[in-house]
Amino acid sequence: MAGGWARDGAEQEQIESTLEEGVEWARRQLPQGESRHFCEECDEPIPEPRRKALPGVKLCVTCQAEQDKHATRASGYNRRGSKDSQLR
């Protein structure tokens, strides 16, 4: 149930839009092309099962895990319409 100036169903549309954007972002982050045989970072061999499971892979599991720790994504858009969230 929407409140204020929003029409009914607006919250669900915002939730679905956020989810769709997140899925698209994740898909764009997937590697593409031919997999490397050696890691770009540490030059260790990338096992064949990893190369087959993830086409376009460029990093070994260890280096990928380290890179994922530092990867962040901020929306930059306040999808919560509450007054409280806008005051922060």
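Computed quantities for the displayed model
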{"read-out": "Filter result (closer than 18 Å to residue 28 by Cβ, outside any loop (DSSP other than H, G, I, E, B) and of a type in the set (S, T, N, Q)) within segment 60-74", "value": "64, 67"}
{"read-out": "Filtered residues of segment 22-59 (kept if outside any helix (DSSP H, G or I), of a type in the set (Val, Ile, Thr) and under 18 Å from residue 71 (Cα atoms))", "value": "57"}
{"read-out": "Some residue of segment 67-83 being surrounded by fewer than 13 Cβ atoms within 10 Å (Cβ to Cβ), modelled with pLDDT under 90 and β-branched (Val, Ile, Thr)", "value": "yes"}
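The values are calculated or read from the model by the stated rules, or taken from the named source; none is laboratory data. Everything numeric here is computed off the predicted structure, so don't read it as measured data. Reconstructed Cβ throughout: ideal geometry from the backbone, glycine too, with neighbour counts over all protein chains shown.
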